[in-house]
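Presented below is the structure to which this report refers.
The values are calculated or read from the model by the stated rules, or taken from the named source; none is laboratory data. Just so we're clear, the structure is a prediction, and the values are computed from it rather than from any experiment. Positions of Cβ are backbone-derived with ideal geometry, glycine not excepted, and every protein chain shown enters the neighbour counts.
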Amino acid sequence: MRCPFCAHDDSQVKDSRPTEDNTSIRRRRQCDSCGARFTTFERVQLREVVVVKSGAEENEGRREAFDRRKLEQSVALACRKRGVAQERIDQLVSGIQRQLEVSGESEVPSSRIGELVMEGLRQIDSVAYIRFASVYRDFSEAKDFEEFASTVQEAAGKG
């Protein structure tokens, strides 16, 4: 594993243990060259998933490899300052990734991923759900928030 500090190609594993949700292995490593310590995570990848972009005309139909980090960042941004535990975010992202990998599809529309995130966030935190929806559904005016928030409140009242 390449050292993130000095870019040396060799490092030694000093400690390995499963993460709390048992979906990955956390490894503590030490660089053979500079001695710096860093952490890596190893996850099972069942298949390569390609995301088919939608939205802006210049991106429409563009394909790119699924990037777990991008998904983690957008979920974390929606949950920012909401008191949602990092473990819960990791579980949501791992669950979505697993669904995509076992779906049997090698190409997944970005809209499907957005819907899976919305489904998960709705169960975790209503404010994070509305934040994500505001970007995903491209809210442009305050009334867009009001209308969406009222549907969230109605759904909460029925649950």
- Task: Tell me, yes or no, whether the range 27-44 has at least one residue that is outside any strand (DSSP E or B) and surrounded by 15 or more Cβ atoms within 10 Å (Cβ to Cβ).
- Result: no
- Note on the structure: GLU42: passes all of (1) modelled with pLDDT of 90 or more; (2) out of contact with any helix residue (DSSP H, G or I) (no Cβ under 9 Å at 6 or more places or on another chain) but (1)
- Message: Could you list, ordered by first residue, the pairs with Cβ atoms under 6 Å in which the first is in the range 96-113 and surrounded by 13 or more Cβ atoms within 10 Å (Cβ to Cβ) and the second is among the charged types (D, E, K, R), at least 6 apart or interchain?
- Response: GLN97/ARG68; GLU101/ARG47; SER110/LYS53
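Taking GLU20, is it closer than 27 Å to ILE124 by Cα, at pLDDT below 90 and in a strand (DSSP E or B)? Steps first, please.
Details: closer than 27 Å to ILE124 by Cα: yes; at pLDDT below 90: yes; in a strand (DSSP E or B): no.
The answer is no for GLU20.
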- Members of the range 94-132 found to be over 25 Å from ALA149 (Cβ atoms) and among the β-branched types (Val, Ile, Thr), listed by number: VAL102, VAL108
- Message: Looking only at the range 68-95, filter to residues that are under 21 Å from SER134 (Cα atoms) and small (Gly, Ala, Ser); which one of those is surrounded by the most Cβ atoms within 10 Å (Cβ to Cβ)?
- Response: ALA78
